[in-house]
Amino acid sequence: MKNFEIVLDSALKRCNDEFVCDQAFQNGFSELYSFTTENISGYINSFDLKEKSLLTVGSSGDQELNAIVKCCKDITVLDINPYTKFYYYLKVAGIIELSKDEFLEFFKYKSYPKVFRDNNNVFNKKSYDKLKMTLRLLDYESYLFWDELINNYSGEKLRKQLFSMDEDRTEVIEKANLYLDNYIFENLKSKLTHIFPNFITGNIFQDEVSQLFDVIWLSNIGVYHSREKVKVMTDKSSNILKNNGSLLISYLYQTVENTKYQQDWWPIYDLPKTLKLLEEYNPQFISFTGVKGLKFDNQNIKDSILVYKKK
């Protein structure tokens, strides 16, 4: 509980516009993401998740929720943001207790309910009061965290101080997430009371995880680092990947196998050099409709993932 008090205090300070130099900040603190910035629906069927174990990063909670749709039963989340667990359980309580329209009104902010409009009802008290008792039963610390914040700050203040503003409009987010399909959303409610992921606050480059996993998702971390760090991350992940397991090394935006590198892009997009560095893993290129493709209804705009299959 002492560590929880430190984490809650850091959130309160951030909401009071104070500079916070906590352990998360020293490790490269990243704000929460309200929803994924990847097209998870585009790549999830490339992984066998049924009854399997998954290690994932990502503070939006969407990786976990989509994995649960695919009947993944053993989920570990490693993320640098100390509020990741609390946001996941807030989303779970929202799915269980709210209609889909209420859920979107509570969690969406940018371009909601209309494009170029911000949502004044984000984290509204009416919806929070509907879900808070379920949140309390799911995870008591998450309840204490959000009860303190939502009762003392406006929803817009919370959204601006704790979250990234990188959020696509509603129809893109719905297409990128299996769990936001109307039918799946309703059927997910009963599943979510039986699965409790393990949350680790840490740095994928520094922290050790002792468990072995069938599937590991490293999201788009590699996009923001040097190729050498991508190699380090891949090496570490391979060591905790089961035989016949699958590792998502990196998500690549608007990229296919023959995309030509531009000088102002991040190093990982220089594909010949990246693939040469990772040649011992012989990564597969898997391409699908990209996030921008969803946005502009253009299936020719592709994103890709690099995947290592461990033999």
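Per-structure values
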{"quantity": "DSSP beta bridges in the chain [antiparallel fraction, %, rounded to 5]", "calculated": "45 percent"}
{"quantity": "Spread of Cα-to-Cα distances over 5 Å intervals beginning at zero, given as percent, for segment 1-105", "calculated": "2, 11, 18, 21, 18, 15, 9, 5, 1"}
{"quantity": "Euclidean distance of C-alpha centroids, segment 105-142 and segment 235-285, integer Å", "calculated": "36 Å"}
{"quantity": "Separation of alpha-carbon centers, segment 15-37 and segment 290-307, rounded to whole Å", "calculated": "28 Å"}
{"quantity": "Computed [θ] at 222 nm, deg cm²/dmol, the chain (DSSP H ≥ 4; -39,500 (n - 2.57); rounded to nearest 500)", "calculated": "-11500 deg cm²/dmol"}
{"quantity": "Average Cα contact separation per residue, segment 168-311, under 8 Å, 6 or more apart, as relative contact order %", "calculated": "25 percent"}
{"quantity": "Tilt relative to the chain, helix 140-150 - C-alpha long axis, 0 to 90 degrees, to 10", "calculated": "70 degrees"}
{"quantity": "For segment 51-118, the spread of Cα positions along each principal axis, largest first, Å", "calculated": "39, 26, 18"}
{"quantity": "Against the rule of thumb 2.2 N^0.38 Å, how large the Cα Rg of segment 121-204 comes out", "calculated": "1.26"}
{"quantity": "Geometric extent, Cα atoms of segment 180-250 - Rg, Dmax (angstrom)", "calculated": "15.4, 43"}
{"quantity": "For segment 187-311, convex hull of alpha carbons as volume per residue, Å³", "calculated": "151 Å³"}
{"quantity": "Positive dipole terminus of the chain, leading residue within C15, Y109, I40 (C-beta point charges)", "calculated": "I40"}
{"quantity": "Bins of 10 Å from zero: percent of alpha-carbon pairs in segment 227-272", "calculated": "23, 45, 27, 5"}
{"quantity": "Contact order normalised by residue count of the chain, Cα under 8 Å, 6+ apart, percent", "calculated": "20 percent"}
{"quantity": "Local electrostatic count, G58, Cβ distance below 9 Å [Lys/Arg +1, Asp/Glu -1]", "calculated": "-4"}
{"quantity": "Approximate shape of segment 241-311 as ellipsoid semi-axes (Cα gyration tensor, √5λ), whole Å, largest first", "calculated": "23, 16, 8"}
{"quantity": "Kirkwood Rh, angstrom, segment 61-181 [1 / mean 1/r, Cα pairs]", "calculated": "14.9 Å"}
{"quantity": "Listed values [x] 49; [y] 64; [z] 55, entry calculated as percent of Cα pairs over 25 Å apart", "calculated": "[x]"}
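Read-outs: derived from the displayed coordinates by stated rules, not from any lab. Since the structure is predicted, the reported quantities are computational estimates derived from the model, not experimental observations. A quick note on method: Cβ atoms are made from the backbone with ideal geometry, for glycine too, and the neighbour counts reach across all protein chains shown.
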